[in-house]
Structure formats: C-alpha cells, structure tokens
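Following: one structure in structure tokens, then a few remarks.
The values are calculated or read from the model by the stated rules, or taken from the named source; none is laboratory data. Values in this document were obtained by computation on a predicted structure and should not be read as measured data. Because the Cβ atoms are built from the backbone with ideal geometry, glycine has one as well, and the counts that use them run over all protein chains shown. We work out accessible area using only protein heavy atoms, side chains counted, and drop any ligands, DNA or RNA first. Shrake-Rupley method; radii C 1.70, N 1.55, O 1.52, S 1.80 Å.
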Amino acid sequence: MIVWLASYPKSGNTLVRSMLAAYFFSKDGVYNFDLIKNIKQFPNITLFENLGIDIRNEKEVIKNYIKVQESFNNKNSVQFLKTHSYLFNFYDKYPFTNLNTSLGVVYIVRDPRNVVTSFAKFSNYSTEEAADSMINKLHFGGNLAAEKNQGERSKVWTGTWNSNYNSWKSFENQQRYLLIKYEDLINNSEVTFLKILEFIFKINKSRFTVDQAKLNNVLKTTTFENMKNLEKEKGFSESKINKKTGEKIPFFNFGPQNDWRQLLDPKIKDIIEKTFEKEMLELGYL
C-alpha cells in the first residue's frame, strides 16, 4: 500500500525521498539520481495516460485520483509516493486518497520563513509573490497536458502552507502519521531518518531491523552538499528553467544555509508570522 511523502513545496520532501530511495532501492545505500525514479510524484502524467484519462480535463483527472492509485497499488508491499497536494475532497466529493489505498503518511514540514525564500528562488518569484502564493494560492503548475514536456510535473493542488500542513493530520487519528521537521533531518540526520524507518516498519506491521552499513552510506551520500554537487555534475530532472533567461534554476540552492534572519524582508517575515501564528507556535517555530 501507499506511504505518502507529503509536504508543502521546498520543505525537504526531495531529501526524504532521496534517503528512502537509497535505502530501499539500492544494494549499498549509495545515492544517485536514478534511484529517486523509484518514488514517483503524484499526480503523475503517465499514470493517468495509462488508464486513458484525458489529462487536458482537470476535473476528469481529479475524479480519477483514487482509480489511478488503485491501478498500481499492491496490498502486499509498501509503495512510496511523493506529493505536494493537500488532503482535501476536491469539488466537495472527490477525495485525494483514502485509507483503502494508503498505509500512512510521512509529513515533512519546514519553517515557513525559510520556505518562502527557497520557494521564491526556485519558482523565479519575488519573495512578495512567494509569500502571497503560500498564503492565498491553492495550486501551482499548469494543466497536465501543458506541462507534459516537463516530465512528471502537473497541476498540484497544494492548498495554502497551513492548510497543507493541517490537512494531513487526519491520518494521525488512525495512527498512520509521522511528522518530520526539515530542521531535525538536517541537524540530527541519523536519529530522524531512523524514526522514519521505524514508522514505516510499524505501519507495515514488520519487525524493525536496520542495515547499519547501508544506513551509513545513505547518510554520507544524501548530504545537501553532495546532492548539490551531483546536480552540478549530472543535472537534476526536477530543476526548472528561468523563462526569462533560459538558464536552469538549481534545485539544490540554499539548503541548510537558508536563514530567514539574513535573507527575509522584515515586512514579509511579519506577514508570515501573523498569518501562520497558530501553526508556527504549535511547531515551535515561534
């Protein structure tokens, strides 16, 4: 069944996805970009096309979310899917997913004051535009067909930053929810990643065992600097193109050095703190 790796964009989801791909889909735990292909993003253009769904019709795409998930779901094994979608009943009646297809969720969260600068850089937005998107916008990306030339990418219904975070808590009632803070993943990588592995084994009702040699290699080869160097050497399929200049925007850009205290306009900081005060207090960011 599906284990979701869910988050608002630029919150550390790709790091978690990379670590899990290296651990579960390699022999030695040494990471490379090919491994990440084992964990697809959702919604994924190819999955819909395989079922003959008209990807030009957004309502048809949304109506078939569950059908697509059922088409590749295997009840006897864990399958990971990355998403930036929020957990919501679209058009009031079409759920993003359900408990029949989903085993659980690892939700990755990051201080929104750092998300905004990372999101701005990656999306070629001003920080004002990025903040407005986090506060007001419900989706990013275009129509599935229009985005086809960008591989997996499609329209993703993110919700706002706080609605994305709050929506996935519904899995907590089923004890199928693990909250991971990006900051913990960076500052205490081994303990945090072990927590993720333990959760996956637990919801899959399997005995928790760790391959220490493989784990060590995962931790060594998925550092931000190593990922950044890999992108420079080999390129990364999920990076974007600056439409004005035609240049690639690095996917791995600021990383742990992204510090809102140094980078963020105080006015935008105040807006974010005021808008997301409840969640930021809950998460210990305020």
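What to note about this one:
- Val68 satisfies every condition listed in (1) open to solvent by less than 10 Å² (accessible area, probe 1.4 Å); (2) closer than 29 Å to Asn124 by Cα except (2).
- Selection count, the range 256-280, where residues are part of a helix (DSSP H, G or I) and either acidic (Asp, Glu) or open to solvent by less than 50 Å² (accessible area, probe 1.4 Å) (or both): 9
- The single condition from (1) at pLDDT below 75; (2) within 20 Å of Ile39 (Cα to Cα) that Lys243 fails is (2).
- Count of residues meeting criterion [more than 21 Å from Ser123 (Cβ to Cβ), in contact with a Leu (Cβ under 7 Å, 6 or more places away or on another chain) and among the β-branched types (Val, Ile, Thr)] in the range 1-57: 4
- In the range 200-215, residue most open to solvent (accessible area, probe 1.4 Å) [restricted to those that are within 20 Å of Leu81 (Cβ to Cβ) and assigned to a helix (DSSP H, G or I)]: Lys202
- Listing of helices (runs of 4 or more DSSP H) fully contained in the range 1-83 that carry 3 or more residues being free of Cβ contacts under 8 Å to residues at least 60 places away in the same chain and closer than 21 Å to Thr158 by Cβ: 58-63, 65-72
- Cβ pairs under 8 Å, 6+ apart, first in the range 85-97 and without any contact (Cβ under 8 Å) to a residue 12 or more places away in the chain, second assigned to a loop (DSSP other than H, G, I, E, B): Asn89/Phe96
- Counted residues, the range 87-100 - those being open to solvent by 20 Å² or more (accessible area, probe 1.4 Å), assigned to a loop (DSSP other than H, G, I, E, B) and closer than 29 Å to Phe199 by Cα: 5
- Note on the range 1-38: among residues that are surrounded by fewer than 23 Cβ atoms within 10 Å (Cβ to Cβ) and among the basic types (Lys, Arg), the one that is nearest to Asn114 (Cα to Cα) is Lys37.
- Figure legend. Inter-residue proximity from the range 199-225: first residues over 16 Å from Leu20 (Cβ atoms), second residues open to solvent by 60 Å² or more (accessible area, probe 1.4 Å) and modelled with pLDDT of 95 or more, beta-carbon distance below 8 Å, spacing 6+ or different chains. Indicated pairs: Ala213/Asp28.
- The range 71-86: number of residues that are among the charged types (D, E, K, R) and open to solvent by 10 Å² or more (accessible area, probe 1.4 Å): 1
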